[in-house]
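Participant: The following block contains the structure, expressed as structure tokens.
The values are calculated or read from the model by the stated rules, or taken from the named source; none is laboratory data. All values derive from a computational prediction rather than experimental measurement. Neighbour counts run over all protein chains shown; Cβ positions are idealised from the backbone, glycine included. Ligands, DNA and RNA are stripped out before the accessible areas are found, and what is left, the full protein with its side chains, is counted by its heavy atoms. Shrake-Rupley method; radii C 1.70, N 1.55, O 1.52, S 1.80 Å.
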Amino acid sequence: MSTLSNVLNEHEPVVGLASEAMHDLSFFQQMDSQRNSLIQAMIQKINSDAKQISDLVLDLEDQKKSRVEYQTMARNLNSELGRWKSRLTSGSFVVVLVDGDGAKFRDELLRDHEQGAAKAAWKLKEAVKDAGFGHDIPILVRVYANVDDLARSLRMSGVIEYDDSLRIFAEQFTNTYADCDFINVGKGKENADSKIRRLLDHYYKNEQCQMIFIACCHDNGYIHDLRQYAGVPDCKIRLIETTSAEPNFRTLGFPILRFDNVFRPDPLNNEIKRGMQNFLPPRSRSPAHPNPGPIARPTPPTHLSFEPIPAELQELVRGTPSASSAVPSPVQTMNSIAAIANVAALANDRPQSASSPQDRSPPQTQAPARPPNVINSGNGGTSISYATAGGTVDFKNVTVKLAKPKKQPKYTYYNEEQYRLDPPTQHPPRGPAQETYQTKFQRIKPRVFCNDHYLKGKCKRGVNCDKEHEIELTPSEVAIHRYKARTSLCPQGRLCTDPDCYLSHHCPRALCNRNELCPFYNTPGWGDLHYTKEQLIPRRKWADGAEFPEYLDRVPS
């Protein structure tokens, strides 16, 4: 027993060591498990970070590539912008618009037949340079005037001796410099005004135009067009005052300059400045000395006394039946009344002054009154030979013409953007007129019907026109031809001002879906001429010859 106990006692430390070893082994196994988990987590993190790094590398490469592309694009755009700026700067100019009907050059310039026009152009350019513009860029000068009427007015005022002097001046002015033009706009109250208004809008929108000088302060008609530019910062409009500017121009805020060494500062002798008519005293009628008619003998200027209108004339006015006609026609009655009124007017025009020497002369013996000879002229007028109205035996002829019927005004309509609008159109109905028109059209080939002759009623080319004038078209055939003309674009486009224009200024179809096939889709100079429903609403109408348009609130019926 003692021996066994000793053996067991000897093995007790071994059992304790094994237990401790098992405990340590369990601890180390736990630590290994934690280490393995940590290592696995680190490996997963490394893999994830490696993938992100790979993606970032790819993104970086893309960004580098994009940056290079954008830098190249920016470099090209900057280069293109520089070229455009260079072209814009190299093409810059200053324009001078002159309404020559009111702004007239100085008398000494107009009278100088050799150098007057050249001096006028040079002085005008120098005046613009003195105002601080046009030193290193071209100066365009455009003078618009009705040369015939202006020449007549200058001649009547004693500025020039002959009408041709102004025509020669205009030609020399145009030929002096390549950028100076003196344009004859022909007869028409608003011809010069309308051209200047259009050019003002054109040059104001042109970025190459640095400054606009406009000589128009004599005409209030420009106020409306200039007011839309008033108050704009850095506005490039300068007004030139010749005669005293109308007060409304000064309210616009534009700088007003005077070029007195170029333009006449005073109106002509035969002109009355607008707004002054109401302040001028009425002119007295000058003594009337009517010239004898083609069958009359000269009458000495003696004192005339007037007798009452003869009974025959009174009966004629009352419409007393004559031997040839029981009832006078309305035309004869109106002609007779007009003739008597003319006789009375001539009588009233004779001066009767108490201090005149004729009043102290003895009264003249009057010839017996004779009935007038009333002759119809055949063109709506009446010729009356009379002896009693003037108190002399000599015959006098008075020709009275019926008043022509008042012409209805012609209107052109514009939308809110001031673009020309055409009246609605529709295809002519199918009928015999289509066949007859085509037959006549084929008959005249290769010639065509003259639009001016058939649609306006008068061709300005006359016998020199190479188009058809002779064949007669019925009203239905004219309607077909007018519809065909409406399918063509007017060369003046949306800015046309001719009230008689028979061409189209935008697509005539109400609903056009032809796109590129439509001739109004992409027009040269005007672009797409298809208007929206809002753009087809007229906002103003302009009567032919009127100074101002009439603004509309609804579509005209």
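Participant: Cross-link partners among lysines for LYS65, C-alpha distance below 26 Å, same-chain residues fewer than 8 apart left out?
Facilitator: Straight-distance partners of LYS65: LYS51.
Participant: Here's something else I'd like to know. So how exposed is ARG155, as accessible area in Å² (1.4 Å probe, rounded to 10)?
Facilitator: Rounded to the nearest 10, the figure is 90 Å².
Participant: Past 18 Å, Cα to Cα, is the threshold; run LYS129/LYS236; LYS125/LYS205; LYS104/LYS205; LYS407/LYS456 against it and keep the listed order.
Facilitator: Beyond 18 Å between Cα atoms: LYS125/LYS205; LYS104/LYS205.
Participant: In addition: Please compute the net charge surrounding GLU472, taking Lys and Arg as +1 and Asp and Glu as -1 over other residues with Cβ under 13 Å from its Cβ.
Facilitator: Computed value for this residue: -1.
Participant: May I ask you to rank HIS481, HIS202, HIS135 by accessible area, largest first, using a 1.4 Å probe over the protein chains only?
Facilitator: Result of the area sort, largest leading: HIS135, HIS202, HIS481.
Participant: In addition: Among rounded, prolate and oblate, which fits the range 430-524 when a ≥ b ≥ c are the square roots of the eigenvalues of its C-alpha gyration tensor, a/c under 1.5 means rounded, and a/b larger than b/c means prolate?
Facilitator: Oblate is the answer for the range 430-524, as a/c is 1.5 or above yet b/c matches or exceeds a/b.
Participant: Report TYR229's accessible area, 1.4 Å probe, all protein chains in place, as a number in Å² to the nearest 10.
Facilitator: 20 Å²
Participant: Within 14 Å, Cβ to Cβ, of GLY134, how many net charges do the neighbouring residues add up to if Lys/Arg are +1 and Asp/Glu are -1?
Facilitator: After counting each charged neighbour, the total is +1.
Participant: Quick one: how many Å² of VAL68 are accessible to a 1.4 Å probe, rounded to 10?
Facilitator: Rounded to the nearest 10, that gives 80 Å².
Participant: Probe radius 1.4 Å, ligands and nucleic acids ignored: give me the carbon and sulfur share of the accessible area of the range 54-159 as a rounded percent.
Facilitator: C and S atoms contribute 53 percent here.
Participant: Further question on the same structure: Which chymotrypsin sites (Phe, Trp or Tyr not before Pro) from the range 189-224 combine a DSSP loop assignment with at most 13 other Cβ atoms within 10 Å?
Facilitator: none
Participant: Turning to a different aspect of this structure: How large is the accessible surface per residue of the range 171-213, computed with a 1.4 Å probe and reported in Å² as a whole number?
Facilitator: Value for the range 171-213: 51 Å² per residue.
Participant: Kindly sort HIS506, HIS23 by accessible area of their heavy atoms, largest first, with the probe set to 1.4 Å.
Facilitator: HIS23, HIS506
Participant: List the GluC sites (Glu not before Pro) in the range 415-486 that DSSP assigns to loop (not H, G, I, E or B) and whose Cβ has at most 13 other Cβ atoms within 10 Å. Which are they?
Facilitator: Sparse-neighbourhood loop GluC sites (Glu not before Pro): GLU416, GLU417, GLU470, GLU472.
Participant: Further, regarding this structure: Quick one: grab the alpha carbon gyration tensor of the range 70-122, order the square roots of its eigenvalues as a ≥ b ≥ c, and give me rounded if a/c is under 1.5, else prolate or oblate depending on whether a/b is larger than b/c.
Facilitator: prolate
Participant: What are the ³J(HN,Hα) values, in whole Hz, obtained from phi via the Karplus relation 6.51 cos²θ - 1.76 cosθ + 1.60 with θ = phi - 60°, for each residue of the range 143-160 in sequence order, with x given for Gly and Pro?
Facilitator: For the range 143-160, the Karplus curve yields 10, 10, 7, 7, 4, 4, 5, 5, 4, 5, 5, 5, 5, 5, 8, x, 6, 10 Hz.
Participant: At 7 Å along the Cα-to-beta-carbon direction for both THR251 and ASP181, put a label point, then send me their distance in nm to one decimal.
Facilitator: The two pseudo-label positions are separated by 3.4 nm.
Participant: Counting only other residues whose beta carbon sits under 14 Å from that of CYS507, what net charge do I get with K and R as +1, D and E as -1?
Facilitator: +3
Participant: If R₀ is 56 angstrom, what is the calculated FRET efficiency for the pair SER157 and ASP466, using the beta carbon separation as r and rounding to 0.05?
Facilitator: Efficiency, rounded to the nearest 0.05: 0.80.
Participant: If you find the alpha carbon centre of the range 53-92 and of the range 210-227, how far apart are they in angstrom?
Facilitator: If we compute the Cα centre of each part, the gap is 45 Å.
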